[in-house]
Amino acid sequence: MNELHEECGIFGIFSPNNKDDIARTVYYGLHALQHRGQEGCGIAVDDDGIFSVHKDLGLVNEVFDRKAVASLGSGNIAVGHVRYSTSGSNDRSNVQPIVVNHIKGRMALAHNGNLTNSYELRSELELNGSIFHTTSDTEVISYIITKERLTSPSIEVAVSRAMDKIRGAYSLIIMSPSKLIAVRDPNGFRPLCYGVTESGEYVVASESCALNAVGARFTRDVKRGEILVFSKEKVYSITDHCNAAEPAMCIFEYIYFARPDSIIDGCSVHEARLRAGAFLAKEHPADADVVIGVPDSGIDGAIGYSEESGIPYGIGLIKNKYIGRTFIAPEQETREQAVKMKLNVVSHTVKGKRVVLIDDSIVRGTTSAVIVKLLKDAGAKEVHMRVTAPKFINACYYGTDIDDPACLIANNLSEEQIAKRIGVDSLGFLSLENVVKLPDNGKTKGYCLGCFNGRYPTDVPAFRKKTRFEKKISENGGEDGKEPQ
C-alpha cells in the first residue's frame with residue numbers, strides 16, 4: 001500500500017417486516033466494507049418514520065459496541081456508511097449517513113464518490129439562504145434532493161430531478177420513512193449491487209462481499225444511471241438516466257479499492273489481480289528467486305506473477321492486522337518505525353535472494369522506499385519492484401484523496417529516477433494497454449483511466465482541493481472573498 005486512500009463504503013437494508021436486529025445486520029455489512037473507509041462510520045435506522053442515528057469517528061468496532069447497536073432499536077429500513085474523507089476534513093460533522101429533516105419528512109443519505117460541480121452547487125444554495133453544517137459534498141446532494149422534493153410527487157422523482165443537476169461520481173443509498181433507494185451515477189464510477197436474503201430482505205452494498213457477510217444472495221449490480229426503489233408495495237427501477245453518459249467504471253476498484261472476494265460488474269476482483277500479475281510477468285520479466293507481495297492488495301498480483309513466470313511465490317511481508325489507519329506514530333518516531341509497526345519482513349524468505357516485490361501502486365514513493373529498505377536490511381540481494389497499475393501521474397476527482405498531481409512521484413521523476421529514489425534494482429509498471437484487460441468481460445473500453453492518462457470522462461472541477469469548503473479567511477480573499485482558482 002503506497003498512501004492511496006480508499007473512498008467510502010455504503011450499505012442499506014429494506015425488510016418488509018420490522019426487525020429487532022436490523023442495526024446488527026448493517027453493523028456486519030459495514031465490517032465487510034471497512035477496507036473502503038477507516039476514518040468514521042454510522043448507522044441510521046427507520047422505525048415507521050422515526051429515525052435513530054449513531055455515528056462517530058473511528059473504525060466500526062470502535063464506534064459500535066453492543067450498547068450502541070442496541071440503542072438504534074428495531075425498524076424495517078436502515079442505512080450505514082464507512083468513510084474516508086475525499087471531500088471535507090476528517091471531522092465528526094462529516095461522518096455519514098447524513099440525516100435531514102424537511103417539510104415532506106426525513107431522509108438519510110450515504111454517498112460513495114465525489115461530485116465535480118459541488119462547489120458551484122453549494123455556492124448557489126448558500127446565496128439562496130441554505131446553511132451548511134458539514135464540509136462534504138454529500139450535504140450538497142441532500143440539499144438538492146430535499147429542494148426538489150418540495151415540488152415532486154415522490155422522493156424518487158426528487159432524486160431523478162437532482163440527478164439532472166449533480167455531476168461526477170456518486171453511488172447513493174437513500175432512506176426515506178417508507179422506502180430504500182439505491183442510485184448509481186450515469187458513468188457508473190463506483191460499484192453498487194443488491195441481493196436478497198432467504199427471509200426476503202433486500203440488501204444494497206458497495207461490494208458483493210458485504211452481501212455475503214449478511215447472508216444475502218447476489219441479485220445484480222445497480223445499472224449506470226439507475227434509481228432502484230424498494231418499498232412494501234414493490235421493487236421497481238427508474239432508468240431515465242441510464243443512457244445519459246458513457247460508462248467510466250473506476251479501474252482502480254479492480255487494482256486496489258475493492259476486496260478480492262467481491263464481484264464487480266460481473267468480474268472477479270481476485271481474478272483481475274491475478275491477471276495483473278501475469279501481465280507484469282510478460283511485460284517486465286526478472287531474473288529472481290522469489291516473488292512476494294505487499295499485503296493486502298499486492299498478494300494476488302504476486303501469485304499471478306509467480307504462476308506466469310515460474311518463479312516461486314513466498315510470503316515475504318507480514319501485516320499487523322491489529323493496526324488500522326487510526327494508528328499514529330509519535331512525532332519522534334521515524335516513518336520507517338511506523339511502517340515496521342504495520343509490516344514485518346520474513347527474513348527466511350528473502351535473505352540472500354533476488355526478490356520480485358509486487359505492489360498495487362506507487363503514489364508518493366515514501367512508503368515504497370521504506371519497504372525496500374526493510375527487505376534489503378533483512379538480507380535481500382536484489383529487489384525488483386513490479387506495480388499492478390500504470391504510473392499514477394494525474395489527480396483523481398471521483399473518490400480518492402489525490403487532488404494535487406504535484407505530489408505524485410511519477411509526475412515528477414522518470415522511471416529510472418523513481419527506481420533510484422526508492423532503492424530498487426529495477427522497476428516496472430503495468431501498461432495502459434493491459435490495465436483495461438483486467439476485468440474478464442471482453443471489454444477494453446468503458447473504464448476511467450484519468451489518473452493514468454489524464455483523459456477524464458467528465459469536466460474536471462474548477463475548485464479541486466479536498467478542503468475547498470473550509471478555507472482560511474487569508475486564503476479566501478477576505479471574509480467575503482471568493483475561492484481562488
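Some observations on this one:
- Test: S268 is surrounded by fewer than 20 Cβ atoms within 10 Å (Cβ to Cβ), in contact with a Leu (Cβ under 7 Å, 6 or more places away or on another chain), among the polar types (S, T, N, Q) and farther than 28 Å from V345 by Cβ: no
- Within the stretch 8-20, considering residues that are in a strand (DSSP E or B) and modelled with pLDDT under 95, the one surrounded by the most Cβ atoms within 10 Å (Cβ to Cβ): C8
- Set S206, S176: member being closer than 16 Å to T138 by Cβ and of a type in the set (S, T, N, Q): S206
- Hits in the stretch 64-107 - residues which are surrounded by 22 or more Cβ atoms within 10 Å (Cβ to Cβ) and either aromatic (F, W, Y) or over 26 Å from C250 (Cα atoms) (or both): F64, L72, G75, I77, A78, M107
- S474 satisfies every condition listed in (1) part of a loop (DSSP other than H, G, I, E, B); (2) at pLDDT below 95 except (1).
- Among the residues of the stretch 350-369, those that are outside any loop (DSSP other than H, G, I, E, B) and either closer than 15 Å to P295 by Cα or among the hydrophobic types (A, V, I, L, M, F, W, C) (or both) comprise V350, V355, V356, L357, I358, D359, T367, S368, A369.
- C193 being under 17 Å from C267 (Cβ atoms) and surrounded by fewer than 24 Cβ atoms within 10 Å (Cβ to Cβ): no
- Complete set of residues in the stretch 393-441 that are among the β-branched types (V, I, T) and either free of Cβ contacts under 8 Å to residues at least 60 places away in the same chain or touching a Ser or Thr at 6+ places or on another chain (Cβ under 7 Å) (or both): T400, I409, I418, I422, V436
- Candidate set: the stretch 351-385, residues that are small (G, A, S) and touching a helix residue (DSSP H, G or I) at 6+ places or on another chain (Cβ under 8 Å); chosen: the one surrounded by the most Cβ atoms within 10 Å (Cβ to Cβ): S368
- Considering the stretch 21-116, the qualifying strands (runs of 3 or more DSSP E), each wholly inside and each with 3 or more residues that are small (G, A, S), run over 40-47, 75-83, 105-112.
The values are calculated or read from the model by the stated rules, or taken from the named source; none is laboratory data. Everything quoted here is computed from the prediction, not taken from an experiment. FYI the Cβ positions are ideal-geometry reconstructions off the backbone, even for glycines, and counts take in every protein chain you see.
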